1. Here are some conditions: (1) touching a strand residue (DSSP E or B) at 6+ places or on another chain (Cβ under 6 Å); (2) among the hydroxyl-bearing types (Ser, Thr, Tyr); (3) within 15 Å of the ligand (Cβ to nearest atom). Residue 63 meets all but one. Which one does it not meet?
2. So for the range 51-64 (the condition being outside any helix (DSSP H, G or I), of a type outside the set (Phe, Trp, Tyr), closer than 20 Å to residue 246 by Cα and in contact with a Cys (Cβ under 9 Å, 6 or more places away or on another chain)), does at least one residue qualify?
3. Looking only at the range 243-267, which residues are more than 10 Å from the ligand (Cβ to nearest atom) and in a strand (DSSP E or B)?
4. Just for the range 61-83: of the residues that are among the small types (Gly, Ala, Ser) and within 15 Å of residue 23 (Cα to Cα), which one is surrounded by the fewest Cβ atoms within 10 Å (Cβ to Cβ)?
5. Given the conditions (1) away from the ligand (no atom under 16 Å from the Cβ); (2) in contact (Cβ under 8 Å) with a residue 40 or more places away in the chain; (3) farther than 20 Å from residue 102 by Cα, report the number of the one that residue 36 does not fulfil.
6. Filter the range 5-45 down to residues that are in a strand (DSSP E or B) and among the β-branched types (Val, Ile, Thr) and give me whichever is nearest to residue 137 (Cα to Cα).
7. Considering (1) under 21 Å from residue 151 (Cα atoms); (2) crowded, with 21+ Cβ neighbours inside 10 Å; (3) among the aliphatic types (A, V, I, L, M), say which one residue 57 fails and leave the rest.
Amino acid sequence: MNDNQFAQFEIPGMLEVIPGVNELPKVVLTHRSGARAEVYLHGGHVTSWTTPGGEELFFLSRSSYFALDKPIRGGIPVAFPQFGGGPLPQHGIARISDWQPIRTGVRDSGEVMAALQLTADDDTRELWPHRFNLVLEVLLDATRLTVALQVDNVDKAPFDFNAVLHTYFSVGAITRTAVEGLRGVTYQDSLRDDVREVEQRDTIRFDAETDRIYLDAPPHLRVVDETNARVITLDSQDMPDAVVWNPWIAKAQRMPDFGDDEYREMVCVETGIMVTPRTLAPGQHWRGETVFGCEPSS
Ligand code: TA6
């Protein structure tokens with residue numbers, strides 16, 4: 001990355017583009033409160049969100065790859081246009097592609113904004129033969145991080161897509177962590193041949209591998225991190241489904257870019273279009289967002 005390649009996007013004291021791990025370029029947003037966020041151009045991948053007091057709220061594996069042909073393990077992988085397995089690479093092409101910054105700024109109320117874009121090219125069309133624009137917009141203030149995905153069909157034919165923020169949260173201890181807001185929601189259990197059942201629990205706790213897709217989930221979810229006495233809130237718009245995932249022991253050991261014991265310090269609560277793909281006609285636009293908030297727990 002040469003020095004002035006991204007100079008036009010930088011805002012002194014609030015937004016810079018600097019070399020990250022393995023010299024991969026990352027956008028660093030700093031809010032006047034001291035809150036910070038980091039987004040790698042590789043994958044359009046948010047890897048860090050810290051409070052004004054310096055608490056890291058996203059999990060990032062100490063074994064993560066930072067390589068152009070591999071996804072980063074942790075933060076917010078963007079799954080597009082496919083969620084999970086299928087004809088494309090696992091979780092699609094967006095998280096293993098290189099994005100470009102397209103705009104940055106500071107709102108009147110002080111939020112710091114950065115938008116990155118992935119545009120279809122020969123490489124993506126080789127895997128997925130459609131012309132699209134995918135934009136990730138990040139907005140940072142003292143207590144919230146808003147992450148929006150926008151898809152434009154710039155092709156002459158419709159296409160179907162999934163779009164997911166596959167968010168990894170850092171927690172003090174998975175055995176003292178709870179996910180709330182999903183009682184009464186039908187889920188598909190990825191560990192039991194996608195059997196569908198209704199969530200009976202107000203508070204979901206963890207004592208084994210958990211991998212469930214909740215269909216038509218409520219827009220407001222909570223991740224209660226008892227060890228750190230904090231609650232992460234998720235408020236989504238047009239992100240109809242949610243996933244709750246922890247690999248637990250055996251799966252953690254099978255993942256080369258994930259420490260054997262790291263399952264203890266993370267939980268994924270993912271938001272987006274996971275099950276029924278959305279269809280975009282030529283010229284159509286979709287936008288979904290999740291507002292992440294952090295508040296002390298009583
Ligand atoms: O969202 C849950 C999930 O689909 C799990 O089944 C697990 O595979 C996880 O995503 C991580 O997938 P990845 O391809 O990033 O290793």
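The numbers here are math on the coordinates, done by the rules we state, and not lab data. The shown structure was predicted, so the numbers you read here are calculated from the model rather than taken from an experiment. Reconstructed Cβ throughout: ideal geometry from the backbone, glycine too, with neighbour counts over all protein chains shown.
1. Against the list (1) touching a strand residue (DSSP E or B) at 6+ places or on another chain (Cβ under 6 Å); (2) among the hydroxyl-bearing types (Ser, Thr, Tyr); (3) within 15 Å of the ligand (Cβ to nearest atom), residue 63 comes up short only on (1).
2. Initially, the range 51-64 is screened for residues outside any helix (DSSP H, G or I), giving 51-64.
Now restrict to residues that are of a type outside the set (Phe, Trp, Tyr): 51-57, 60-64.
Cutting the leftovers down to closer than 20 Å to residue 246 by Cα gives us 56-57, 60-64.
Right, trim to in contact with a Cys (Cβ under 9 Å, 6 or more places away or on another chain) and you get 57.
Yes, some residue in the range 51-64 is outside any helix (DSSP H, G or I), of a type outside the set (Phe, Trp, Tyr), closer than 20 Å to residue 246 by Cα and in contact with a Cys (Cβ under 9 Å, 6 or more places away or on another chain).
3. Once the filter is applied, which keeps residues that are more than 10 Å from the ligand (Cβ to nearest atom) and in a strand (DSSP E or B), the range 243-267 yields 266, 267.
4. Narrowing the range 61-83 to residues among the small types (Gly, Ala, Ser): 61, 63-64, 67, 74-75, 79.
Next cut, within 15 Å of residue 23 (Cα to Cα) only: 64, 67.
Working: 64: 20, 67: 14.
So the residue we want is 67.
5. Unmet for residue 36, out of (1) away from the ligand (no atom under 16 Å from the Cβ); (2) in contact (Cβ under 8 Å) with a residue 40 or more places away in the chain; (3) farther than 20 Å from residue 102 by Cα: (3).
6. Taking the range 5-45 first, the residues in a strand (DSSP E or B) are 11, 15-19, 25-30, 36-40, 42, 45.
Imposing the further condition that a residue be among the β-branched types (Val, Ile, Thr) reduces the set to 11, 17-18, 27-28, 30, 39.
Details: 11: 16, 17: 16, 18: 18, 27: 12, 28: 13, 30: 15, 39: 10 Å.
In this case the residue turns out to be 39.
7. Only one criterion in (1) under 21 Å from residue 151 (Cα atoms); (2) crowded, with 21+ Cβ neighbours inside 10 Å; (3) among the aliphatic types (A, V, I, L, M) is unmet by residue 57, namely (1).
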